[in-house]
């Protein structure tokens, strides 16, 4: 009997008030659990928000007990929370168009075991990347999108991915999702934007970075909201450029950043390190 | 007779055309000069711009000859150029308000010999930093500015610094210079902006960075133009922040960046590494 | 009555065992304290070490109660711990020789309020930096060291600083402290080494980095131990160099790193974020 | 007739002496060439070495002329040089064992057009990575190595790759090449070492970095020489780690660095930006 213990993560967000850590840690202890890592953050007194990530180990019986009693405690503190059994990998559906470096990077990290994740399918509005995806034995769905069929296409995506995924990743998916889709989809949607937001929102960021003459370019992984490129930021990375780099060189340099920033955001999602609140994130790293 | 050779830097910008490097290097060779470093850049064919920095050594006689003959060669290529005898330090006048970290950093690098520069004076619209400046035996001029006397104050600055400086540095000077002043002042004016431009132009960048929830903050050294925070960028630096950093923590972290980015821009100026063109810079590092 | 609450930090290290977080957080809650930040780390099961930093607020009465009861709890878990009232600044004594950039940077951060610290004195084996130190109204002690008087000099340092400091900082102090001094001095001793340890231990690291042709140089802040440059690392920083940088350019670039790495290590000390164990550190940032 | 011009790179290294730039640029101009980029570096007077990379465009006839006359000029300056027609991609043979991330990254950059390179084959001492390689339509050769057949294996590698490659890349090839092989192979051999050299030379660098408690880990791409991990460094990259990262986490973080550092070294090779001299490199970026 090698691994009789469950590995559990609890994410929690509520108004700050004395006694929360004590209540939670006692409840874990009572359930015979052992805390491996606890990271907690309270904002400035003016905002007064409390955030916590607890990673603990507990046997199956203890976990059952905790899962039963915990919701009442949470209610007492009026907390939003999520409880994860880490042995159950999250399901990530990837949307992509034709640019393949982010997709490719995610599939490699998936196949190499770096990501503990299931990929039920990849969805694209083009057929181009089907062979690459199928090499990894991941189902590929082609859902074309044009000016006339956007809603229909989105409802196909919803049908395929809605119940069959925990979160979506837009790995350079060149279609803007409608507010209706974003609202209806039950999980988070993560996008990679090829600029250092809030600089160069919208299209052609590298061209515009080149024209502005910046000395650093960046990439930003963020949650998708109704407002284009305005969602909560999860991860940002930059690299140095100079006059020797034209807009195309910047694009190539940027690809490395996009891969790294998106991979980091996905990794934090898989390890349940992210709490979103308002237009910001707490990422417990 | 220790250093009989002069150390010379030539900066040059013109339309691209064959033979420029050959013409210049021949002229240096003919003047018995020896090239220590030559860095040259040509933009995309569509733009077709040629930039060069040559650093060479030559004896006094050779230099005289070169300085005499060179302008005709330059005219042939319709080039903008600047020729510097590196033994003559540039004169930098610093403008500052009350925030002292950038001023302090510049003065330290000046006094420690890291910068080969003269500082004829520091000008401020407050008296606060007089003692710090006078400790370094640098003259301090107090020129108050308010809604009514701006033009008068600027003409005082012009009178003091106009002929007595090669460039100005706004080391957190909290007054916006008028377009008239910028146009009239004969040298470059360098500003340090406490954000990663073009993000968070204008006031309170750290507060706004905090509110936007970015994961990196930055600082930008740029040339001052009529359009606030839109001038050619010289140097940018960033550092990582997290949810644990409030707007004040960001401000403290940002100070390190501001010092480093401004120091780098000043160093590149002193070593004559910067060519400005349109709204961009070529920085030969 | 503005700040009726005390701001308290508890650092703790013991063997891992269930219930510690619960016990501590209950004890804080019982004392009517409110946890602002709790960061906890448990090593791999094989090592089984538990580390925690708790920052909480509590009124004077509650703190008294906690300070009284807490040691018994700690004993139960066989824990090493330190309890700090954050309103009492730590006392830092700086040792320096002739190279001044680190000293200067620390004094500036102290005088500007960035560091919440007392500096009872600066000690040097040269007179050179006395004027700079006295500008900041910090007492300066000259204790010359040579081959014959090392022990005597150290005992003078001990007499001056032994009871009058919480920790020592070697801000480019070019004397090697004897194992006897290190053992006898009651607090930590922090050194800044001008290389990316464990590369280039010992003397002339920039020259050796130049000769090895590395593409990045670094600086390392570490605790001083008997074994030269082998103590627990607190902070490391690097910057890019190229063939254009000779050993002297590297030295100048390195100075920026040394200042930043040492400042970061001092800041973490002042905020009581560091737990040392074996030859490593846990730095709760 | 779209691209009637050839794109040529000349790399050159000799003792410093006046007139070299002039001679070369005149010769290019005489051949009706146009210099796109010229980067030149002279070491300290004590070493007195001259390095240059010139990138120029010239028509076929002019190139013929230049290629004919140039060697005599070079001889005059006693220069080591290489002349490249950039339309002819270099041939890179990859050696790999079982760890696949670097191989995978190189193949992706090759297939996506980021690298202008030919890959005539991949050679491995294990069969594991054959399917991945053959997906890219690149020939795969299995050459097992053990204690007894090392020389024989190397002579097989030489037979396959000796005449059919411009350089070799050891993309985590876990066999040490003999000095005889290194000497006999006509091109450069590039290795990726998973530490920030000269720290942690040899085996298990991440484990040793973990044990030493460093705060940054790195990767180093270098030329292979007889002395293990002592060859000239081409590129180095680092990333931050903390107490939260165990040796395995470091390994995963390190993989990103290894890919980026190796990709950068390969890109510089393909763009003919590297001049090796003694135990160092000049990389014109």
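Return yes or no: is residue C:227 within 14 Å of chain D (Cβ to nearest Cβ), in a loop (DSSP other than H, G, I, E, B) and out of contact with any strand residue (DSSP E or B) (no Cβ under 7 Å at 6 or more places or on another chain)?
Taking the combined requirement at face value, the residue satisfies it.
Restricting to segment A:202-220, name every residue that is in contact with a strand residue (DSSP E or B) (Cβ under 8 Å, 6 or more places away or on another chain), more than 9 Å from chain B (Cβ to nearest Cβ) and not in a helix (DSSP H, G or I).
Of everything in segment A:202-220, those that are in contact with a strand residue (DSSP E or B) (Cβ under 8 Å, 6 or more places away or on another chain), more than 9 Å from chain B (Cβ to nearest Cβ) and not in a helix (DSSP H, G or I) turn out to be A:217, A:219.
Considering only segment B:149-172, I want to know if a residue exists there that is within 22 Å of residue C:113 (Cα to Cα) and in contact with a helix residue (DSSP H, G or I) (Cβ under 6 Å, 6 or more places away or on another chain).
Among the residues of segment B:149-172, at least one is within 22 Å of residue C:113 (Cα to Cα) and in contact with a helix residue (DSSP H, G or I) (Cβ under 6 Å, 6 or more places away or on another chain), which makes the answer yes.
Which of the residues spanning segment C:8-33 are out of contact with any helix residue (DSSP H, G or I) (no Cβ under 8 Å at 6 or more places or on another chain) and either facing chain A (nearest Cβ under 7 Å) or part of a strand (DSSP E or B) (or both)?
Matches in segment C:8-33: C:9, C:11, C:13, C:15.
Looking at the structure I just gave you, is residue B:242 surrounded by fewer than 16 Cβ atoms within 10 Å (Cβ to Cβ), in the same structural domain as residue B:127 (by TED's automatic domain parsing) and within 24 Å of residue A:240 (Cα to Cα)?
Yes: the conditions hold for residue B:242.
Given the conditions (1) within 14 Å of chain C (Cβ to nearest Cβ); (2) in a helix (DSSP H, G or I); (3) surrounded by fewer than 19 Cβ atoms within 10 Å (Cβ to Cβ), which single one is not true for residue B:151?
Of the numbered conditions (1) within 14 Å of chain C (Cβ to nearest Cβ); (2) in a helix (DSSP H, G or I); (3) surrounded by fewer than 19 Cβ atoms within 10 Å (Cβ to Cβ), the odd one out for residue B:151 is (1).
So which residues in segment D:115-148 are assigned to a loop (DSSP other than H, G, I, E, B) and closer than 18 Å to residue D:166 by Cβ, if there are any at all?
Result: D:115, D:116, D:119, D:120, D:121, D:138, D:139.
Given the criterion touching a strand residue (DSSP E or B) at 6+ places or on another chain (Cβ under 8 Å), within 14 Å of chain D (Cβ to nearest Cβ) and surrounded by 14 or more Cβ atoms within 10 Å (Cβ to Cβ), identify the matching residue among A:185, A:173, A:110, A:136.
That would be A:110, the only listed residue that is touching a strand residue (DSSP E or B) at 6+ places or on another chain (Cβ under 8 Å), within 14 Å of chain D (Cβ to nearest Cβ) and surrounded by 14 or more Cβ atoms within 10 Å (Cβ to Cβ).
Restricting to segment D:270-285, give me the number of residues that are without any contact (Cβ under 8 Å) to a residue 60 or more places away in the chain and over 15 Å from residue D:39 (Cβ atoms).
The number of residues fulfilling the criteria is 3.
Which one is farthest from residue D:274 (Cα to Cα) among residues in segment C:238-254 that are more than 8 Å from chain D (Cβ to nearest Cβ) and in a strand (DSSP E or B)?
It comes out as C:239.
Quick one: would you say residue D:80 is at pLDDT 95 or above, outside the structural domain of residue D:190 (by TED's automatic domain parsing) and either surrounded by fewer than 17 Cβ atoms within 10 Å (Cβ to Cβ) or within 29 Å of residue D:64 (Cα to Cα) (or both)?
Yes.
I want to confirm something. Restricting to segment C:41-51 and keeping residues that are at pLDDT 90 or above and facing another protein chain (nearest Cβ under 8 Å), which single residue is nearest to the chain's Cα centre (by Cα)?
C:51
List the number of the failed condition for residue C:196; all other conditions in (1) under 30 Å from residue D:195 (Cβ atoms); (2) out of contact with any strand residue (DSSP E or B) (no Cβ under 6 Å at 6 or more places or on another chain); (3) surrounded by 15 or more Cβ atoms within 10 Å (Cβ to Cβ) hold.
Only one criterion is unmet by residue C:196, namely (2).
Only one of (1) touching a strand residue (DSSP E or B) at 6+ places or on another chain (Cβ under 7 Å); (2) more than 8 Å from every other protein chain (Cβ to nearest Cβ); (3) modelled with pLDDT under 95 fails for residue A:265. Which number is that?
Of the numbered conditions (1) touching a strand residue (DSSP E or B) at 6+ places or on another chain (Cβ under 7 Å); (2) more than 8 Å from every other protein chain (Cβ to nearest Cβ); (3) modelled with pLDDT under 95, the odd one out for residue A:265 is (3).
Which numbered condition in (1) in a loop (DSSP other than H, G, I, E, B); (2) over 30 Å from residue C:82 (Cβ atoms); (3) more than 10 Å from chain D (Cβ to nearest Cβ); (4) in contact with a strand residue (DSSP E or B) (Cβ under 8 Å, 6 or more places away or on another chain) is the only one that residue C:272 fails?
Just one mismatch for residue C:272, condition (2).
Being under 18 Å from the mean Cα position of the chain (by Cα) and free of Cβ contacts under 8 Å to residues at least 24 places away in the same chain narrows it down to one of B:249, B:227, so name that one.
B:227
Does residue B:38 satisfy the condition of being surrounded by 18 or more Cβ atoms within 10 Å (Cβ to Cβ), under 25 Å from the mean Cα position of the chain (by Cα) and not in a helix (DSSP H, G or I)?
Yes.
Taking residue C:280, is it facing chain D (nearest Cβ under 9 Å) and either farther than 24 Å from residue D:261 by Cα or modelled with pLDDT under 95 (or both)?
Yes; evaluated as a whole, the condition is true for this residue.
Give segment D:84-103 a look and list any residue that's more than 30 Å from residue D:253 (Cβ to Cβ) and either in contact with a helix residue (DSSP H, G or I) (Cβ under 7 Å, 6 or more places away or on another chain) or within 14 Å of another protein chain (Cβ to nearest Cβ) (or both), or say none.
Of everything in segment D:84-103, just one residue is more than 30 Å from residue D:253 (Cβ to Cβ) and either in contact with a helix residue (DSSP H, G or I) (Cβ under 7 Å, 6 or more places away or on another chain) or within 14 Å of another protein chain (Cβ to nearest Cβ) (or both), namely D:90.
In this structure, is residue B:161 in contact (Cβ under 8 Å) with a residue 60 or more places away in the chain, farther than 30 Å from residue C:100 by Cα, surrounded by 16 or more Cβ atoms within 10 Å (Cβ to Cβ) and under 16 Å from the mean Cα position of the chain (by Cα)?
Answer is yes for this residue.
Taking the criterion of being under 28 Å from the mean Cα position of the chain (by Cα), within 11 Å of chain C (Cβ to nearest Cβ) and surrounded by 19 or more Cβ atoms within 10 Å (Cβ to Cβ), would at least one residue in segment A:57-77 satisfy it?
The answer is yes; a qualifying residue exists.
The values are calculated or read from the model by the stated rules, or taken from the named source; none is laboratory data. Predicted model, so just to flag it, every value in this text is computed and none were measured. Methodologically, a virtual Cβ is constructed for each residue, glycine included, from the backbone with ideal geometry; neighbour enumeration extends over all protein chains shown.
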